[in-house]
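Following: one structure in structure tokens, then a few remarks.
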Protein chains: 2
Amino acid sequence: MGGQFGGRSVTGRALAILGSFDAEHPRLSLSDIARRTGIPLSTTFRLVAELEQWRALDREADGRYTVGFRVWELGRLAPVNGVIREAAMPFMQDLYELTRENVHLAGRDGDEAIYLEKLTGHRAVPILSRVGGRLPLHATGVGKALLAAAPVAFRAAYLRGPLVRVTPYTLVDPARLAREIEVVRRRGWARTSEEMSLGSCSVAVNVPGTGAALGLVVHSVRRDLDRWVPALQRAAAGMARRLDTQPDHCAEAR
Amino acid sequence: MGGQFGGRSVTGRALAILGSFDAEHPRLSLSDIARRTGIPLSTTFRLVAELEQWRALDREADGRYTVGFRVWELGRLAPVNGVIREAAMPFMQDLYELTRENVHLAGRDGDEAIYLEKLTGHRAVPILSRVGGRLPLHATGVGKALLAAAPVAFRAAYLRGPLVRVTPYTLVDPARLAREIEVVRRRGWARTSEEMSLGSCSVAVNVPGTGAALGLVVHSVRRDLDRWVPALQRAAAGMARRLDTQPDHCAEAR
């Protein structure tokens, strides 16, 4: 079959070009792309032109490329998106109205929490999460909830570390983190206190029967965070009921 | 260069496979994909396997394929998404809290309105719009606002029709629609009354300096729709100010 050269198929090269964009590199020049993918510049040029024509990539006024409009549009058809919009969003909306804080839905993708949806307003504390972005499991509320719900073998491997210290308050001692995750598992909800970002605390619960967790991130001066647990649990139960009536699209990334 | 065969490049074929998924066909079998793209089954099989490995496609339990998680994730990096989340979302959230109705942000892509974001709750009237989905310009509130803001030549060509009749109340007479769009242009806001869907009305304004329009869709028994115009205009002005301080990412699709 045509299309194989240089050990990577043409499709593989086109996908590598798309994959060279990430949250830290949302805008790349042609030579950035060639360097990041290891694809010769002339081939990069040809493939980028094809991708641009289809709007898999878009070109900005300064000549740099971004992920294209068509990819955004197509991504909206992924099952994960439907689950979020149809089952989770109305409950997240209720939570936002009740709390006026940042409301998160996250899944686990490998060793990280991936943010599936986020509601925020003008009054909420500024936070690091970004929809489609990833944060460490052990430093975030949703991440701790996901860890508590993860298979025993995964949890044990994760807890062996290394555990990144994000702030002075991040739990990086495996034994201490293991005890905390056990508490989360028994109690049914997780919290963090400035473990991901100074000035922010979070509280989170798992959405039963899915791989997703639902959480709030609030300013750390609001110490009475636990009071939101019943509302979070009601919202998670509501989502779970809605998801139950839908085809099997686990919100978990993998 | 390798990779060209059958008049379409390998990349072109891989993109055609991705493009065979749309809102009406979010789940396709291998033979559906081959039929919709015109690519031989054996080639489809090989390319789909590559796309699945990268998670550009995901396979469901019944063997059918969907747009993959990675495309969703990548789409979140498209500039249009950042604009929505950072500049528009907080203002849309305010509008939702004020009205408890469906809140829409749409752009124009060719002859259609494309929905960029949507907020909805349990109490809002069920509607046809879907983020990433498209609806006719002349039958929707945001669409009429976008038509009023479109270049004169585009508007004239669009008004020549043919104009699809969606409900008995859709304006399909070119002269009548032209008069209405002129009113929208002068008055600064658009409305529809059961023109897209029986039982629903809408009101919309353009977001100044962008290609986007902001609208509400409410149950048609709520006849006092115009009262939301000032709130819509305030939200649109707020978005425009936020966008003004950002790089040039017009929310308009093209």
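The set of residues in the range B:100-119 being touching a helix residue (DSSP H, G or I) at 6+ places or on another chain (Cβ under 6 Å) and either within 12 Å of another protein chain (Cβ to nearest Cβ) or among the basic types (Lys, Arg) (or both) consists of B:VAL103, B:ARG108, B:LEU116, B:GLU117, B:LEU119.
Of all the numbered requirements in (1) closer than 30 Å to B:GLY238 by Cβ; (2) at the interface with chain B (Cβ under 8 Å from one of its Cβ atoms), A:LEU128 misses one, and that requirement is (2).
Those helices (runs of 4 or more DSSP H) of the range A:35-122 in which at least 3 residues are of a type in the set (D, E, K, R), considering only elements entirely within it, cover A:41-53.
Taking the listed residues B:LEU171, B:LEU163, B:LEU198, the one that is open to solvent by 50 Å² or more (accessible area, probe 1.4 Å), aliphatic (A, V, I, L, M) and assigned to a loop (DSSP other than H, G, I, E, B) is B:LEU198, with no other qualifying.
Residues in the range B:6-34 that are assigned to a loop (DSSP other than H, G, I, E, B) and within 11 Å of another protein chain (Cβ to nearest Cβ): B:GLY6, B:SER20, B:PHE21, B:ALA23, B:GLU24, B:PRO26, B:ARG27. B:LYS118 meets each of the listed conditions (1) closer than 27 Å to A:GLN93 by Cα; (2) touching a residue at least 24 places away in the same chain (Cβ under 8 Å) apart from (2). Yes or no: the range A:206-226 includes at least one residue that is part of a helix (DSSP H, G or I), in contact with a Pro (Cβ under 6 Å, 6 or more places away or on another chain) and either within 28 Å of A:ALA87 (Cα to Cα) or at pLDDT below 95 (or both). Within the range A:206-226 (the criterion being part of a helix (DSSP H, G or I), in contact with a Pro (Cβ under 6 Å, 6 or more places away or on another chain) and either within 28 Å of A:ALA87 (Cα to Cα) or at pLDDT below 95 (or both)), the answer is no, since none of the residues qualifies.
As for the range B:141-162, it holds at least one residue that is touching an Asp or Glu at 6+ places or on another chain (Cβ under 7 Å) and not charged (D, E, K, R). Taking every residue in the range A:182-207 that is in contact (Cβ under 8 Å) with a residue 12 or more places away in the chain and pairing it with any residue that is part of a loop (DSSP other than H, G, I, E, B) and open to solvent by 20 Å² or more (accessible area, probe 1.4 Å), at least 6 positions away or on another chain, the pairs with Cβ-Cβ distances below 6 Å are A:GLU194/A:TYR169; A:GLU195/A:TYR169; A:MET196/A:VAL166; A:SER197/A:LEU128; A:VAL205/A:TRP189. Pairing residues of the range A:64-79 that are more than 7 Å from chain B (Cβ to nearest Cβ) with residues that are open to solvent by less than 10 Å² (accessible area, probe 1.4 Å) and assigned to a helix (DSSP H, G or I), at Cβ distances under 8 Å and at least 6 apart in sequence or on separate chains, gives A:TYR65/A:ILE33; A:TYR65/A:VAL48.
Of the set (1) open to solvent by 30 Å² or more (accessible area, probe 1.4 Å); (2) at the interface with another protein chain (Cβ under 10 Å from one of its Cβ atoms); (3) of a type in the set (Phe, Trp, Tyr), all apply to B:PHE45 but (2). Annotation: of all residues in the range A:83-98 being open to solvent by 10 Å² or more (accessible area, probe 1.4 Å) and more than 8 Å from every other protein chain (Cβ to nearest Cβ), the one that is farthest from B:PRO126 (Cα to Cα) is A:LEU98. Scanning the range B:149-160 for residues that are more than 24 Å from B:ARG130 (Cβ to Cβ) and either open to solvent by less than 40 Å² (accessible area, probe 1.4 Å) or among the hydrophobic types (A, V, I, L, M, F, W, C) (or both) yields B:VAL152, B:ALA153, B:PHE154, B:ARG155, B:ALA156, B:ALA157, B:LEU159.
Against the test of being of a type in the set (A, V, I, L, M) and surrounded by fewer than 21 Cβ atoms within 10 Å (Cβ to Cβ), the options B:ALA106, B:ALA14, B:ALA113, B:ALA61 yield a single qualifying residue, B:ALA61.
The values are calculated or read from the model by the stated rules, or taken from the named source; none is laboratory data. In this text, all values refer to a predicted model and were calculated from it rather than measured experimentally. FYI the Cβ positions are ideal-geometry reconstructions off the backbone, even for glycines, and counts take in every protein chain you see. All accessible areas refer to the heavy atoms of the entire protein, side chains included, with ligands and DNA or RNA removed. Shrake-Rupley method; radii C 1.70, N 1.55, O 1.52, S 1.80 Å.
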